[in-house]
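Here is the structure we will look at, set down as C-alpha cells.
Read-outs throughout are calculated quantities, based only on the coordinates presented, and are distinct from any laboratory measurement. Given the structure is predicted, the values throughout are model-derived calculations rather than measurements. Because the Cβ atoms are built from the backbone with ideal geometry, glycine has one as well, and the counts that use them run over all protein chains shown.
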Amino acid sequence: MQISFQLNSSAPLHFKEFFSRLEVPVNVTLKGIYKGKLICYFHRPGHSTTSFVISDDRKGRVEVVMDGLSSYDDYKFFPYLIDTLGLYLNGTSPKLLSKEDGKSYSVYERLSTQWIEDCISEEIASLKVVLSVIPRCYLELPKEGIRYVSLEQLKQYGVNLHSSTSRIYGYIQYLLRKGWLLEATREELMADSLEYAMEVEIDVPQHVSIGRIKSWQTDGTETWESFSQEDVDMLLELGKEYRKGVHVDGVVLNDIGTLYQEGVGVAPDGYEAEFWFKEAVRQGDLTYASVNLGDLYRKGCGRMPVSLPQAFEAYRHSSDPYAFYRIGQGYEEGWVGTPDLHLAKFWYEKAAQEGHHLALKRLGRKE
C-alpha cells in the first residue's frame, strides 16, 4: 500500500534546490521522467527502510508518496516533508480539512501519532490478507529490487498471521534494516499477481493476546508487546531447534528469554530467562538481550536473587542508551565498589546525548 499526499504547485519543482531546503540529508536513487511526470526516488540514510517518491506532472500537481511499510522514523518525517515542500512550492504550509468538524489543520496536527498507528495497522491487515492468498507480499517502494515479505521468513522469528500488528511490523522493519528481505524474480511477481487477481474468500486470523509486556521508548513513550499462543508455541519450538544446533537469530532467543522473564505462556523462571538472554548475546544481540539480562539481575526473578554487580556487567555489553543510563546509576550508587560521581555523570551524559528520558530527567534537562 502506498500513502500519498497531493499539493497544488504555483512554482516549478527543482529537486536539488528543494532537497537543500531540508534539514536532513537524503540519498537520491532514481530521477527521471515517466509517463510525462518528473519523478524522484530517495531515502534518508540511517533512517529509511523503504523509499519516498515525489512526482511532478508539470501542470501544477505534485504528489509525495511513501510505502505503508516505511520505518516509524519515516512516518514521523512525512509531515515535515510535506510541510517543507508546500513552503517551497507555494510559500505557505499546506492545510488539511477535517471531515469531522470542517476545520483546517496543519499536516503535523492531522498526521499525528494516532495517524501513524492507524496507517501501520491498516498496512499489516492488508499484508495478512495478501499472505493468506499468495506466498509473498511485495513492498510498494523498496530501496532496490523487488522485495517481499513471506510467512516462511517471518516464521524464522516466531511471527505468524496470529501475531500482533506491532510484532509483525517490528520484525519486518528488523529484516529491512538488516537488508535481509528476499528479492523476487519477475516470474514470481507475475505468478503472484495472477493468483491474487482470483476471487477467493479470506478468513484472516486475528491476534488473541495471552500476555503483554510493557517497555519504554527512548523518549519515554510507553509501549506494549503482545503475544499470542501461536507466538509462544513457535518461539518455544525455535528454542528446541536451537538446542539441537540449528541457527536461530539472537533477537529471537531474546524473545524466548522475555517469555520466561515475564511468565508469558510459561511459568516465570529467572534462570531459564538468563540462559536465553546469554545465548542471544552470544548470537549477536548486543542491544536488547544484554539490557534484558541487566534488568533480570537488577530486579531478580522467581528464585533468582538480585545481583547488582552482574546487572552492571550485563549493561556494559549493550549499545542501548538505556544501558548507558543504568551504568551511570551503577557508578552513582556503587554497584561494583565505591561510588564514582564523575563516571556516573559521564554515562548519564552519554545516555542524554541519545535523548534517553531517564538520563535527561536525572540531569535536570527537558526532554
Under a 5 Å amide H to amide H cut-off, with H placed in plane at 1.01 Å, what residues pair with TYR148 once short-range neighbours are removed? LEU139, LEU182, ALA184
If I compute P(r) over Cα pairs in 20 Å bins from 0, in percent from the structure I just sent, which labelled value in (i) 32, 59, 9, 0; (ii) 28, 56, 16, 0; (iii) 24, 52, 23, 1 lines up? (iii)
Filtering chymotrypsin sites (Phe, Trp or Tyr not before Pro) in the stretch 122-220 by DSSP loop and by at most 14 other Cβ atoms within 10 Å leaves TRP180
Note the full-extension length gain between ARG212 and THR92 as 0.36 nm times their separation in residues minus their Cα-Cα distance, in nm to one decimal. 38.8 nm
Looks like the stretch 309-367, by Cα gyration tensor root eigenvalues a ≥ b ≥ c and the a/c under 1.5 rounded cutoff (else prolate when a/b is bigger than b/c, oblate otherwise), is oblate
Placing +1 on the Cβ of each Lys and Arg and -1 on the Cβ of each Asp and Glu in the chain, which of TYR260, GLY302, PHE346 has its Cα farthest towards the positive end of the resulting dipole? PHE346
7 Å from Cα along Cα→Cβ at both MET190 and ASP118: what's the point-to-point distance in nm? 4.0 nm
Tell me, what is the percent relative contact order of the stretch 1-102, built from C-alpha pairs under 8 Å that lie six or more residues apart? 29 percent
DSSP loop trypsin sites (Lys or Arg not before Pro) in the stretch 81-166 with at most 15 other Cβ atoms within 10 Å of their Cβ, which ones? LYS99, LYS103
Subset of LYS214/LYS350; LYS31/LYS59; LYS95/LYS214; LYS214/LYS244; LYS155/LYS244; LYS240/LYS278 violating a 27 Å alpha-carbon distance limit: LYS95/LYS214; LYS214/LYS244
Can you tell which of VAL53, LEU89, PRO135 lies farthest toward the positive end of the dipole of the stretch 35-135, using +1 and -1 charges on the Cβ of basic and acidic side chains (Lys, Arg; Asp, Glu)? LEU89
Taking amide hydrogens as modeled 1.01 Å from N in the peptide plane, which residues meet the under 5 Å criterion relative to VAL26, leaving out close sequence neighbours? none
Report, in deg cm²/dmol and to the nearest 500, the calculated mean residue ellipticity at 222 nm for the chain, where each DSSP H run with n ≥ 4 adds -39500 (n - 2.57) and the sum is divided by the residue count. -14500 deg cm²/dmol
Could you give the dipole magnitude of the stretch 90-172 about its Cα centre, charging the beta-carbon of Lys and Arg +1 and that of Asp and Glu -1, in debye to the nearest 20? 160 debye
Calculated FRET efficiency, THR29 and LYS361, Cβ-Cβ r, R0 30 Å, to nearest 0.05? 0.15
Reduced to Cα centres, the span from the stretch 212-270 to the stretch 302-356 in Å works out to 24 Å
Evaluate the relative contact order of the stretch 292-367 (contact order divided by residue number), counting alpha-carbon pairs under 8 angstrom at least 6 apart; express in whole percent. 21 percent
Contact order relative to length for the chain, counting C-alpha pairs under 8 Å separated by 6 or more residues, stands in percent at 9 percent
